[in-house]
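Report on the following structure.
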Amino acid sequence: MTQYLALLRGINVGGNNIIKMADLKSCFEAAGFDAVQTYIQSGNVVFCAPEAEPGQIAARIEDGLAETFGVSVAVLVCDHARLKAIVEGAPAGFGDEPATYRYNVIFMMGPATADELLQSVKPKEGVDQGFAGDGVCYFWNLIARATQSRLSRIVGTPIYQYVTIRNWNTTTRLLALMDSRAGSSKGML
């Protein structure tokens, strides 16, 4: 069995697509996934399944969500090694000053690329910084000037439908969770 992470786009945000985590866990279990564990309310699910192409697993999850909850939710799936590569691929110093900067990892879904995202949402000099990674964009902005950040403009762009965003703390905690499970029998069903 392989350990995977599913990032559900746009659930429990702004009162839309409300799904209780216990119900989400049950949905994943009903779809045949093992060792299902949710993390916070924003649509993060760690689970085990036979090794398969992440896009196929994502489609299976999307179908289950539509059938169970009547919602159309885009899902990004990556395995443990991929999430580890994303965390390790962050620019030097990314996440080091949480009192000064807000750090986000923008996971790219579908045809859009991180370079295209940075062209669409040009970081504001002196406020934002962006770095295109492999399938993700690392984006950070000064907390003191957060209202001037251009990241909020992403919502009004065509590229928005192809991303799901997690803050750095959530991203690294998800990796720590997967690391912990990999070291125990729970994560290696």
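Out of curiosity, is Ala6 under 27 Å from Phe139 (Cβ atoms), within 15 Å of the chain's Cα centre (by Cα) and in the same structural domain as Gly110 (by TED's automatic domain parsing)? No: the conditions fail for Ala6.
Taking each residue of segment 147-171 that is under 14 Å from Asp128 (Cβ atoms) and looking for partners that are of a type in the set (Ser, Thr, Tyr) with beta-carbon atoms closer than 9 Å, six or more apart or interchain, yields Arg153/Ser120; Ile154/Ser120; Ile154/Tyr160.
Only residues that are surrounded by 19 or more Cβ atoms within 10 Å (Cβ to Cβ) and farther than 17 Å from Tyr162 by Cα were counted in segment 102-118, giving 1.
Within segment 27-55, the set of residues being in contact (Cβ under 8 Å) with a residue 12 or more places away in the chain, in a helix (DSSP H, G or I) and under 18 Å from Glu67 (Cβ atoms) comprises Cys27, Phe28, Ala30.
A Cβ distance below 8 Å, combined with a sequence gap of six or more or placement on separate chains, defines the contacts here; from segment 118-129, residues that are of a type in the set (A, V, I, L, M, F, W, C) reach residues that are in a loop (DSSP other than H, G, I, E, B) in the pairs Val121/Arg150; Val121/Thr157; Val127/Ser149; Val127/Arg150. Looking at Thr100, Thr68, Thr164, Thr147, just one residue is among the hydroxyl-bearing types (Ser, Thr, Tyr) and in contact with a Gly (Cβ under 8 Å, 6 or more places away or on another chain), and that residue is Thr164. If you go through segment 140-189 and keep only what is of a type in the set (Lys, Arg), buried (at least 16 other Cβ atoms within 10 Å of the Cβ) and within 19 Å of the chain's Cα centre (by Cα), you end up with Arg166, Arg181. Scanning segment 58-89 for residues that are on the phi < 0 side of the Ramachandran plot, assigned by TED's automatic domain parsing to the domain that holds Asn44 and in a loop (DSSP other than H, G, I, E, B), we see that the one that is surrounded by the fewest Cβ atoms within 10 Å (Cβ to Cβ) is Ser72.
Of the residues screened, Ala81 is one that is free of Cβ contacts under 8 Å to residues at least 12 places away in the same chain and either in contact with a Leu (Cβ under 8 Å, 6 or more places away or on another chain) or more than 30 Å from Ala144 (Cβ to Cβ) (or both).
Put simply, of Ala99, Ala132 the only residue that is outside the structural domain of Ala6 (by TED's automatic domain parsing), surrounded by 15 or more Cβ atoms within 10 Å (Cβ to Cβ) and at pLDDT 95 or above is Ala132.
The values are calculated or read from the model by the stated rules, or taken from the named source; none is laboratory data. Note that the coordinates shown come from a computational prediction; the quantities given were computed from them, not determined experimentally. Here the Cβ is made from the backbone with ideal geometry for all residues, glycine too, and neighbour counts use every protein chain on show.
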